[in-house]
Amino acid sequence: MPQTRRIDKVTKARPTMEGAGVRLSRAIGFGDPAAYDPFLLLDDFRSDVPGDYLKGFPWHPHRGMETITYVLAGEVVHGDSLGNRGVISSGDVQWMTAGSGIIHQEMPAGDSRGSMHGFQLWANLPAVDKMMDPRYRGITAAEIPTVEAPGGATVKVIAGTVGGVAGPVTDVVIAPDYLDVTVPPGGAFTHPPPRGHTVFANVISGRGVFSSERDPFAYPAEGAGYFDMERSPLIGDRHLVLFGDGDQVTIATEEGPVRFLLISGRPIGEPIAWYGPIVMNTQEELRLAFEELDRGTFIKAGDRPR
């Protein structure tokens, strides 16, 4: 019988500020950088207040990792030092592999109501791939398939496979799943990420039951005490659920719909030397990257657009 993954921990996204003054909520990125290996950071930039996001993320470097931007509402205008320009619109995804180095900017622009909703995920690269040529994968909303899964769930498949339908993002080192899942009232969704992969769910709206287990578990983002699943098994908006190992995850609803991102990836298991937007394996590599920035030799190769 397949083993259902239990919950390791639940954390609540914390308010923080990034870029030139963008207010957002960070779900991954505090504490031990290996805790969610291969994922380093997950930022939730949902806001209906233009002052929270319009200052954006002016020119900054990246090396040794990937950024995955998923826009739900509004637009993100981006450009880079290699001459690439574009707009990530509502429902679109940009999967950018920084590799050996890129300098770019990302400037959020709200929709007609002033709403700017989306997420940015950072994924690490193993040492052998850290200095690969940069590349972009721009995926429009129309290119992302929607699957009606058993149990009534609706799934947008960005990466990975659901019901035999594969997402448009392929050939990624960490072999990720990236699913946008909505489970209707009384419904359920079961998915089998590969054993050994890191798996988490980030709740966007509603509340759901993310494990049939009823054991208490640590709830560090809230400080002292425990989140007691015997008292309330429902986990809601801006909470992130990290699962233990197993054969499958099952998420169900008890009172209304729940929407969440279900993301998984193969751990890298290497040392992490990380400062700001540059992620390497050693402090020496990190020092060299910043020296190259100062000398103007940071960019190593042209990108490979896809």
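The values are calculated or read from the model by the stated rules, or taken from the named source; none is laboratory data. The shown structure was predicted, so the numbers you read here are calculated from the model rather than taken from an experiment. Quick reminder, even Gly has a Cβ in these numbers, built from the backbone with ideal geometry, and neighbours come from all protein chains shown. Heavy atoms of the whole protein, side chains included, go into the accessibility calculation; ligands, DNA and RNA do not. Shrake-Rupley method; radii C 1.70, N 1.55, O 1.52, S 1.80 Å.
At-a-glance table
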{"quantity": "Any hit, segment 66-73, residues being among the small types (Gly, Ala, Ser) and in contact with a Ser or Thr (Cβ under 6 Å, 6 or more places away or on another chain)", "calculated": "yes"}
{"quantity": "Residues that are of a type in the set (S, T, N, Q), at pLDDT 95 or above and over 20 Å from residue 6 (Cα atoms), drawn from segment 142-190", "calculated": "146, 154, 161, 182"}
{"quantity": "Members of segment 71-95 that are of a type in the set (S, T, N, Q) and open to solvent by 30 Å² or more (accessible area, probe 1.4 Å)", "calculated": "81, 84, 89, 90"}
{"quantity": "Inter-residue pairs, beta-carbon under 7 Å, first over 17 Å from residue 265 (Cβ atoms) and in segment 175-187, second open to solvent by less than 10 Å² (accessible area, probe 1.4 Å) and in a strand (DSSP E or B), 6+ apart", "calculated": "183/189; 183/208; 183/251; 183/258"}
{"quantity": "Search result, residues across segment 1-27 that are farther than 23 Å from residue 115 by Cα, open to solvent by less than 50 Å² (accessible area, probe 1.4 Å) and touching a Phe, Trp or Tyr at 6+ places or on another chain (Cβ under 7 Å)", "calculated": "5, 7, 10"}
{"quantity": "Complete set of residues in segment 96-119 that are in contact with a strand residue (DSSP E or B) (Cβ under 6 Å, 6 or more places away or on another chain), open to solvent by less than 30 Å² (accessible area, probe 1.4 Å), under 26 Å from residue 288 (Cβ atoms) and not aliphatic (A, V, I, L, M)", "calculated": "97, 101, 104, 106"}
{"quantity": "Segment 48-68, residues that are over 14 Å from residue 109 (Cα atoms), in a strand (DSSP E or B) and not aliphatic (A, V, I, L, M)", "calculated": "59, 60, 61, 62, 63, 66, 67"}
